[in-house]
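**Q** Structure in structure tokens, see below.
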């Protein structure tokens with residue numbers, strides 16, 4: 001967002017500037033509701049990984065400092081709209097642009113192009129398992145209804161922390177409390 | 001030459017891509033209704049009890065996007081009803097709230113605040129003989145994180161991050177040994193050394209404080225970690241991150257000796273094509289103990305996931321993970337004997353506290369089909385098994401079918 005903030009001018013005609021792909025990735029992550037899957041201090045790879053996990057990437061892949069061109073922008077927007085299957089000739093870069101023009105999505109600016117984006121209905125996020133060991137980045141661990149790991153619902157191992165060491169029966173020897181009778 | 005090519009490419013693409021971010025607000029309402037069948041609800045080794053359950057999950061996702069400000073809100077309550085009349089706990093409620101605030105103050109200075117709140121209402125669970133299986137484990141869990149990013153130079157960035165984590169149980173007997181807080185602070189210096197490679201230096205400190213005064217409450221510890229990391233773009237479709245270093249954990253109890261350990265993690269994300277993607281990773285570090293009376297564990301966790309869009313309307317996902325915790329008797333708060341807790345009483349089993357390994361294997365798969373533009377149905381399966389030297393083994397299968405709609 002920093003470059004965007006520094007250079008964007010809402011009341012002026014659109015200017016041609018070199019917007020790096022990292023800035024586009026940040027805008028798309030926020031617009032598609034994927035920001036909640038990121039740690040508080042995400043790296044460029046964190047942004048790109050969560051977009052790739054959801055099938056959103058320019059033809060040549062993500063590259064933080066590479067300027068965004070219209071081909072890449074059109075492709076990313078269409079994929080973020082989950083309409084990539086509607087491109088008849090995906091190998092033709094112009095086809096992605098024509099598709100957006102056909103549904104009245106202007107791609108003169110990133111702001112206009114990303115405006116139709118909505119939070120993904122079925123976002124794919126790695127939350128049940130993470131390799132992250134940095135304590136400032138960890139996600140909470142208690143989600144009794146199950147947490148999503150890249151699509152599947154993974155039931156957490158819950159309600160076992162109270163069992164002490166040594167082989168124990170599931171029904172412990174504690175006294176009965178209450179009665180349903 | 002590269003620059004010329006880049007400019008040519010951009011012009012050839014008819015660029016004119018400027019920023020022009022305007023206001024962009026979204027509020028999305030979703031609803032999910034799910035039926036699940038769990039073949040081992042009590043997580044028992046033998047005499048398994050199965051049950052069906054129905055889970056209703058409304059969901060609100062809100063985005064507020066401005067030039068320099070992003071606010072994101074996600075709230076999802078879950079109401080689960082259990083269908084087996086032999087199961088004493090008939091209903092659980094879970095609230096999940098995720099809030100994100102990204103703010104850019106200047107081209108070189110930004111901050112992020114996130115809050116993750118979980119509130120679970122889980123009444124006590126008795127078996128058919130009115131014996132305790134689990135006491136009331138209703139809880140409030142909150143994680144508040146913040147980070148300030150400073151772009152020192154075009155290729156150099158420093159992030160100063162902090163996190164406050166609080167876990168509280170309602171039931172006094174559970175809370176007395178399990179409530180704790182974590183204060184974490186960290187400094188990350190990131191240097192981009194090429195378009196494909198960034199290196200990092202990291203320094204972290206965290207303090208786990210058990211806030212109550214139960215028999216195991218004296219498990220508080222402080223950990224200092226220092227390490228380095230590497231973010232690498234191996235190819236346009238393959239990203240990787242790796243980091244590692246050293247940790248030292250000191251304990252409040254003088255009877256528990258400090259722990260020195262290496263730590264490390266890696267992750268890979270590969271996009272075969274927009275329809276097929278994969279991610280995998282592993283991490284090893286000291287971790288908070290989830291079994292009493294141990295004060296710490298050495299935890300190794302690994303996972304792999306694949307997503308594949310079979311057709312425009314049908315997607316398939318598969319994922320698996322293994323978590324292995326190693327516990328040492330010398331790092332137990334009570335080294336004399338093992339203890340089993342009930343809701344209002346702690347009983348000594350007389351068994352010695354031992355070294356042990358606790359391993360959890362999980363695998364899951366899901367097939368999702370888009371019925372209409374805003375309607376999806378999906379079927380899922382997950383398998384979980386616990387193999388442990390320290391607590392009863394079990395395995396369970398869960399099958400579910402769900403219907404999700406966006407408004």
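Every number in this text was worked out from the coordinates using simple rules, so none of it is lab data. Here the structure is a predicted model, which means the values were calculated and not measured. Every residue, glycine as well, gets a Cβ built from its backbone with ideal geometry; the counts of neighbours run over all protein chains shown.
**Q** Over the Cα atoms of the range B:241-301, what Rg and Dmax result, in angstrom?
**A** Calculated on Cα positions, Rg and Dmax stand at 16.6, 55 Å.
**Q** For the range B:135-179, how big is the tail of P(r) above 17 Å, as a whole percent of Cα pairs?
**A** Working: 530 of 990 pairs.
Of all Cα-Cα distances in the range B:135-179, 54 percent exceed 17 Å.
**Q** Using the alpha-carbon centroid of each, what span in Å lies between the range B:147-163 and the range B:282-307?
**A** 28 Å
**Q** Can you give the translational diffusion coefficient of chain B in µm²/s, computed by Stokes-Einstein from the Kirkwood radius over Cα pairs at 4 °C and 1.567 mPa s?
**A** Working: Rh = 24.7 Å.
Rounded, D is 52 µm²/s.
**Q** Now for a separate question. Against the globular-protein guess of 2.2 N^0.38 Å, express the Cα radius of gyration of the range A:2-114 as a ratio, rounded to two decimals. Show your work: numbers first, answer last.
**A** Numbers: Rg = 13.7 Å, N = 113, 2.2 N^0.38 = 13.3 Å.
In units of the globular-protein estimate, the range A:2-114 measures up at 1.03.
**Q** Go ahead and run the numbers for FRET between residue B:381 and residue A:83, Cβ-Cβ distance against an R0 of 41 Å, rounding to 0.05. Spell out each step's value before the answer.
**A** Values: r = 29 Å, r/R0 = 0.72.
Between residue B:381 and residue A:83 the formula returns 0.90.
**Q** Restricting things to alpha carbons, tell me how big the range B:156-230 is in terms of Rg and Dmax, in Å.
**A** For the range B:156-230, the Cα-based Rg and Dmax read 17.5, 55 Å.
**Q** Run lengths n ≥ 4 of DSSP H only: what is the helix-derived mean residue ellipticity at 222 nm for chain B, with -39500 (n - 2.57) per run over all residues, to the nearest 500?
**A** -1000 deg cm²/dmol
**Q** Using only the alpha-carbon atoms of the range A:75-127, report the extent along each of the three principal axes, biggest first, to the nearest angstrom.
**A** Cα extents, longest axis first: 36, 24, 14 Å.
**Q** Quickly work out the residue B:354-to-residue B:91 label distance, labels modelled 7 Å from Cα along the C-beta direction, and quote it in nm with one decimal.
**A** 4.3 nm
**Q** Working from Cα positions, state the angle (0 to 90°, nearest 10) between the long axis of helix B:2-12 and the longest principal axis of chain B.
**A** Tilt of helix B:2-12: around 80 degrees.
**Q** Also, quick follow-up: Relative contact order (percent) for the range A:2-114, with alpha-carbon contacts under 8 angstrom and 6 or more residues of separation? Present the calculation step by step, with values, prior to reporting the outcome.
**A** Details: 105 pairs, mean separation 28.4, N = 113.
Relative CO of the range A:2-114 lands at 25 percent.
**Q** Suppose we keep just the alpha-carbon trace of the range B:176-321; what are its Rg and Dmax in angstrom?
**A** Every Cα atom of the range B:176-321 included, Rg and Dmax give 19.5, 61 Å.
**Q** When the convex hull of the C-alpha atoms of the range A:38-98 is computed, what volume per residue in Å³ does it have?
**A** Details: hull volume 5.0 nm³, N = 61.
Convex hull volume per residue, Cα atoms: 82 Å³.
**Q** Additional query: Return the Rg/Rh ratio of the range B:44-85 with Cα-based radii and a Kirkwood Rh.
**A** Numbers: Rg = 19.1 Å, Rh = 13.9 Å.
So for the range B:44-85, dividing Rg by the Kirkwood Rh gives 1.37.
**Q** Right, something else. Over chain B, what is the relative contact order in whole percent, taking alpha-carbon pairs under 8 Å and six or more residues apart? Don't jump to the answer; show the numbers that get you there.
**A** Details: 1096 pairs, mean separation 43.0, N = 407.
Across chain B, relative contact order equals 11 percent.
**Q** If you take the beta carbon distance between residue B:261 and residue B:313 as r and set R0 to 30 Å, what does 1/(1 + (r/R0)^6) give as a FRET efficiency, to the nearest 0.05?
**A** Details: r = 48 Å, r/R0 = 1.59.
Efficiency computed from Cβ-Cβ geometry: 0.05.
**Q** Assuming R0 = 22 Å, can you tell me the calculated FRET efficiency for the pair residue B:393 and residue B:50, based on Cβ-Cβ distance, to the nearest 0.05?
**A** Working: r = 18 Å, r/R0 = 0.82.
According to the calculation, E is roughly 0.75.
**Q** Which whole-number percent gives the relative contact order of the range B:48-153, counting Cα pairs below 8 Å spaced six or more residues apart?
**A** On the way: 246 pairs, mean separation 22.5, N = 106.
Relative contact order of the range B:48-153: 21 percent.
**Q** Taking every residue in B:164-173, how many Cβ atoms of other protein chains lie within 10 Å of its Cβ, on average? It would help to have the intermediate numbers written out before the result.
**A** Working: counts 0, 4, 0, 3, 0, 0, 0, 0, 0, 3.
Mean shielding count: 1.
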